[in-house]
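K.L.:
Quick one: the structure is below, questions incoming.
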Amino acid sequence: MVPRCQVEVLYFAKSAEITGIRSETISVPQEIKALQLWNEIETRHPGLADVRNQVILAVRQEKVELGDQLLLLQSGDETAVITPISGG
């Protein structure tokens with residue numbers, strides 16, 4: 001069984017509007033693929049599915065692609081969900 005850790009998820013721009021919150025702490029496996037991490041977040045906030053193709057996911061202030069990249073997380077790590085600001 002893979003150990004779990006507590007990570008802080010920060011929501012910016014449209015993602016904050018959709019979730020109605022600015023941050024939350026979630027429990028995830030310490031070893032998780034970037035896409036699986038996104039799915040964990042989206043499960044909590046299904047409205048984020050609408051911005052999935054536009055979202056930037058950053059872990060410890062580094063952008064990660066929503067794919068098979070393996071992330072090694074530690075409790076306290078920050079994950080940011082950033083969506084483009086609408087408008088011109």
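K.L.:
Contact list please: Cβ distance under 8 Å, first residue in the stretch 17-37 and without any contact (Cβ under 8 Å) to a residue 24 or more places away in the chain and closer than 17 Å to A58 by Cα, second residue surrounded by 15 or more Cβ atoms within 10 Å (Cβ to Cβ) and of a type in the set (D, E), pairs at least six apart or on different chains.
P.N.:
Cβ pairs passing all conditions: I26/E40.
K.L.:
Can you tell me which residue within the stretch 6-35, out of those that are in contact with a Pro (Cβ under 8 Å, 6 or more places away or on another chain) and at negative phi, is least open to solvent (accessible area, probe 1.4 Å)? Working first, answer last.
P.N.:
Kept after step one, since they are in contact with a Pro (Cβ under 8 Å, 6 or more places away or on another chain), are these residues of the stretch 6-35: 13-14, 29-30.
If we keep only those that are at negative phi too, we end up with 14, 29-30.
Numbers: K14: 89, P29: 28, Q30: 62 Å².
Filtering first and then ranking leaves P29.
K.L.:
Taking the stretch 66-85 as the region of interest, how many residues are without any contact (Cβ under 8 Å) to a residue 40 or more places away in the chain and touching a Phe, Trp or Tyr at 6+ places or on another chain (Cβ under 8 Å)?
P.N.:
In the first step, residues of the stretch 66-85 are kept if they are without any contact (Cβ under 8 Å) to a residue 40 or more places away in the chain; the result is 66-70.
Applying the additional criterion that residues be touching a Phe, Trp or Tyr at 6+ places or on another chain (Cβ under 8 Å) yields 66.
Final tally of qualifying residues: 1.
K.L.:
Would you mind stating whether E78 is within 12 Å of the chain's Cα centre (by Cα) and exposed (fewer than 13 other Cβ atoms within 10 Å of the Cβ)?
P.N.:
Working: within 12 Å of the chain's Cα centre (by Cα): yes; exposed (fewer than 13 other Cβ atoms within 10 Å of the Cβ): no.
So E78 fails the test.
K.L.:
Looking only at the stretch 63-75, which residues are open to solvent by 20 Å² or more (accessible area, probe 1.4 Å) and within 12 Å of the chain's Cα centre (by Cα)?
P.N.:
K63, E65, L66
The values are calculated or read from the model by the stated rules, or taken from the named source; none is laboratory data. None of these values were measured; they are calculated from a predicted model. Quick reminder, even Gly has a Cβ in these numbers, built from the backbone with ideal geometry, and neighbours come from all protein chains shown. Surface accessibility is based on the protein's heavy atoms, side chains included, excluding ligands, DNA and RNA. Shrake-Rupley method; radii C 1.70, N 1.55, O 1.52, S 1.80 Å.
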